[in-house]
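Read-outs: derived from the displayed coordinates by stated rules, not from any lab. Quick caveat: nothing in here was measured; it's all calculated off a predicted structure. Cβ coordinates were reconstructed from backbone atoms using ideal geometry, including for glycine residues, and neighbour counts include every protein chain displayed.
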Amino acid sequence: MPDLSSYSPGVQAYIRRGEALNEALAARRAAMRQKKFDTIAVHGVYDADAALANQGSIIEPVYLSTAQHFENSDHLEAALAYLMPSWTYTRIANPTQTYLEETLALLEGYGCKGNVSALATGSGMSAIFLATQPFLSQETGHQMNIVASARCYGGTFMLFHQRYGVERGVEVRWVRDPLNLDEWAAHIDANTRFVYGEMPSNPGLSVFDIAAVANLAHQHSLPLIVDSTVATPALMRPLQHGADIVVHSLSKSMTSTGMAIAGAVIARHNIPSRVGPDEMRQNFALYVKLLPYRDHGPGLSPFSAMMTLNDLRTLRSRMDLVSRNSMQVAQFLADHPQVEQVFYPGLPAAEGHNVARQYMWLVDGEDDYGEPVNRYGHLLGFTVKGGPSAARRVYDRLQLIFRATDLGRIKSVATIPAISTHQQQGEEGRALGAVPPHLIRLNVGAEHPADIIADLDQALEV
């Protein structure tokens, strides 16, 4: 609590008003935490009172204005000192962004103990940057290092390897086999700043034991950061299993219509860290929002925030549908004579299937099916017999399935990672991340699975 005596009576009055606003929001959060996942996805913290304050609109308004008008200089001072809720300037905050952030925090924190906060960003890569960069402050004379699974998105690989490693001298210690806990342990030492994993990974659909790696990280007072983009909170919530920070590319399954580029950093309160101020540990997402996010400037467009909010309202049912479609497609590909290998955690023969079964469940699935049900998302990969040239031939023959570097779409989309999303990391980097040159990554959409299978079948014809 700030020392109010150093502020004028007028500023103190606004600080007290801010306290009342925060208390009301906390009460609303607490009430929504008692609701089911679908209800949270539809409403967030936007209720009837909020609607009446917004001309009666039952849908969250899009605030396209860049800046907030203040009542007077006292109001301005209190707001800019972060002593009361405000949005001030859209590079820092915006009401539409806040509606999205509150919803994301409730969804990712669904079923979790303790408080959770979220920060919406302009892209998934900006979310990964903001979730990791605060731990790389120069506070010791030793070379810092980070420990991360090599089976990750190409943009993440380049951020860690090139931007942090080559340009800033951070030692990147890649875990080749994320299922091997001993390998994680062998890389961590007194100079490690954070531990990072992607589950399921893009494009290889690799998994790791979140609880075990979180426990290992916490033994060393380190945060575990998990990219859970492919799963979404409808299928897995890493904070439940000990992770400290979750990152998402909201551009993917969360905004399945493909109408927005956005990202998110979602963190539980009171995370471990060897570096940084107490405020960062206490509420990481809020700390990043008010300081690094403000200064780096990766703000999210309010319009994009609304596009994501609208898609979030049906997240659980969509992820159930596309997961069931994907299982059918994966089983078809596994049986096809021209397919060498299928990468999908739902297949019993998949590496890490038992770990995926442990973590990936349709949230509230028992309400629909009478018992909990596993669901594994709508991303899969497969290698084509005959090598890269055969994979290109199959890829070029797709008719219904779009050829693009996208994923998470309501429409089926495919790419060849070695020549697209993971091209820049080079052959050595792709070998490190287990990205073969003849791998086709397939996002299975909401089309009827028979039509997706028919398109794949004709493309795979010899």
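Which angle from 0 to 90°, rounded to the nearest 10, does the C-alpha axis of helix 95-108 make with the longest principal axis of the chain?
Tilt relative to the chain: about 60 degrees.
Stretched out fully, how many nm does the piece from residue 26 to residue 328 gain, at 0.36 nm a residue minus the Cα gap? Before the final figure, lay out the partial values.
Details: separation 302, 0.36 × 302 = 108.72 nm, distance 4.31 nm.
Difference between extended and current length: 104.4 nm.
Regarding region 315-459, what whole-number volume in Å³ per residue does the convex hull of its Cα atoms give? Before the final figure, lay out the partial values.
Values: hull volume 16.4 nm³, N = 145.
It comes to 113 Å³ per residue, whole-number rounded.
Can you give me the angle between helix 210-219 and the longest principal axis of the chain, using Cα atoms only, in degrees from 0 to 90, rounded to the nearest 10?
Computed tilt is about 50 degrees.
Say the cut-off is 26 Å between C-alpha atoms; which of 36/289; 113/411; 36/252 go over it?
On the way: 36/289 28 Å; 113/411 36 Å; 36/252 23 Å.
From the list (36/289; 113/411; 36/252), the Cα-Cα distance tops 26 Å for 36/289; 113/411.
Find the centroid of the Cα atoms in region 292-310 and in region 427-443, then give the distance between the two in whole Å.
Answer, in whole Å: 31.
Say each of residue 212 and residue 189 gets a label point 7 Å from the Cα, pointing the same way as Cα to Cβ; how far apart are those two points in nm?
Spacing of the two 7 Å Cα→Cβ label points: 2.4 nm.
At what distance in nm do the modelled label points of residue 448 and residue 358 sit from each other, each positioned 7 Å from its Cα along Cα→Cβ?
4.0
Please work out how much length the chain gains when fully extended from residue 279 to residue 80, using 0.36 nm per residue of separation minus the C-alpha to C-alpha distance, in nm with one decimal. Write down the numbers at each step before the final one.
Details: separation 199, 0.36 × 199 = 71.64 nm, distance 1.76 nm.
In short, 69.9 nm is gained.
Loop only by DSSP, 11 or fewer other Cβ within 10 Å of the Cβ. Give me the trypsin sites (Lys or Arg not before Pro) in region 307-364 that pass, ordered by residue number.
Values: sites: 313, 316, 318, 324, 357; in loops: 313.
Passing sites in region 307-364 do not exist.
Report the gain in length on full extension from residue 73 to residue 368: 0.36 nm times residue separation, minus Cα-Cα distance, nm rounded to one decimal. Write out the running numbers ahead of the final one.
Values: separation 295, 0.36 × 295 = 106.20 nm, distance 5.41 nm.
This chain segment gains 100.8 nm when fully extended.
Would you please give the FRET efficiency between residue 57 and residue 19, computed as 1/(1 + (r/R0)^6) with r the Cβ-Cβ distance and R0 = 25 Å, to the nearest 0.05?
Numbers: r = 27 Å, r/R0 = 1.08.
E(calc), rounded to 0.05, equals 0.40.
After finding the eigenvalues of the alpha carbon gyration tensor for the chain, what semi-axes result from the square roots of 5 times each, listed largest first in whole Å? Write out the running numbers ahead of the final one.
Values: eigenvalues 298, 137, 75 Å².
With the √(5λ) rule applied to the chain, the semi-axes are 39, 26, 19 Å.
Per q in 0.13, 0.20, 0.21 Å⁻¹, report the Debye log10 I(q)/I(0) for region 1-148, using one uniform scatterer on each alpha carbon and no solvent.
-0.78, -1.34, -1.37
Label-point separation (nm) for residue 257 and residue 400, each offset 7 Å from Cα along Cα-to-Cβ?
2.4
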